[in-house]
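Chemist: Below: one structure in structure tokens.
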Amino acid sequence: MLTLAPPWLEMDLGEDMCVLSWSLNRPGYVTARRILWREVRNADLPADMDVGAWLDRELATRGAQDAVVLLTSRDIRAFHTARATVGDVTVDVTATVGLSNAERVGARVDYSNRNWGTINLAARLSQGLSDAGLLEAVSIATQARTAAVMDAEYDLPTGRATGTGTDCIAVASPPGSQAFAGLHTETGEALGRAVYDAIADGIAQWKAKVFRGNKDIEEGAV
């Protein structure tokens, strides 16, 4: 279930799950019942700020220190969802999508004094996975994200964009023993499809608004 209360978006996982991510506040393998997005702007995070301490205070005020948190400069109201079911496996994905600091893997663009955008996605799997299976699931989500970005044909001086400099992915599953979540599995197929669809939809909307000259679409941050 999703709850929108700007500047926050909350995904209730429905139960305690194992979540794997590289989030700022709870990276790695953790147990959580919810994943949060926090909308931020450049003014919220000056260069000399301790962002981790600031986020801890924000979460304490909300009573949400248990959550895995993703920071986004995207208008928090512009989130995208997708669901895919393959066999007995259902995957729900929520994402915020912007490409204003897009990168081509293996190269870097100078984004000094530029607005920053990012892709932040969370996936909830119905299939219980082992630690190894969850790690593979994150790799599939990353692959699907990259495929959607490349198919959008967003070109940079360094080549076709493959992601942004500040993307973050969180994948949640019930505890389980399933050790594989690759492209040959129902889990991998459902996860890849749902992530691809959510990211492709988000990129299409972002590009449409940016290319129409709507400068409110992103105002910077991470």
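Readers should treat all values here as calculations from the given coordinates under stated rules, not as data from a laboratory. Note that the coordinates shown come from a computational prediction; the quantities given were computed from them, not determined experimentally. All Cβ positions, glycine included, derive from the backbone under ideal geometry; neighbour counts span all protein chains shown.
Chemist: How big is the antiparallel share of DSSP beta bridges in the chain, given as a percent to the nearest 5? Intermediate values should be presented prior to the final figure.
Modeler: Working: 38 of 50 bridges.
So the antiparallel bridges amount to about 75 percent of the total.
Chemist: Let me ask something additional. How do 176-183, 53-60, 91-98, 20-27 rank on mean C-beta neighbours within 10 Å, highest first?
Modeler: Working: 176-183: 16.2, 53-60: 14.0, 91-98: 26.8, 20-27: 19.4.
Top to bottom by mean Cβ count within 10 Å: 91-98, 20-27, 176-183, 53-60.
Chemist: For all pairs of alpha-carbon atoms in region 19-128, what percent lies in each bin of width 10 Å, listed from the first bin to the last filled one?
Modeler: 12, 37, 36, 13, 2
Chemist: Which order do 1, 150 fall in if you start with the one that has the fewest other Cβ atoms within 10 Å?
Modeler: On the way: 1 9, 150 14.
Listed from fewest to most nearby Cβ atoms, that is 1, 150.
Chemist: Give me P(r) over the chain, computed from all C-alpha to C-alpha distances, binned every 10 Å, as integer percentages.
Modeler: 9, 35, 36, 18, 2
Chemist: Return the whole-Å distance between the Cα centroid of region 63-132 and the Cα centroid of region 137-165.
Modeler: Computed from Cα coordinates, the inter-centre distance equals 12 Å.
Chemist: Right, here's the next one. How many times 2.2 N^0.38 Å is the alpha carbon radius of gyration of region 127-184? Provide the component values of the computation, followed by the final result.
Modeler: On the way: Rg = 14.1 Å, N = 58, 2.2 N^0.38 = 10.3 Å.
Ratio of Cα Rg to 2.2 N^0.38 Å: 1.37.
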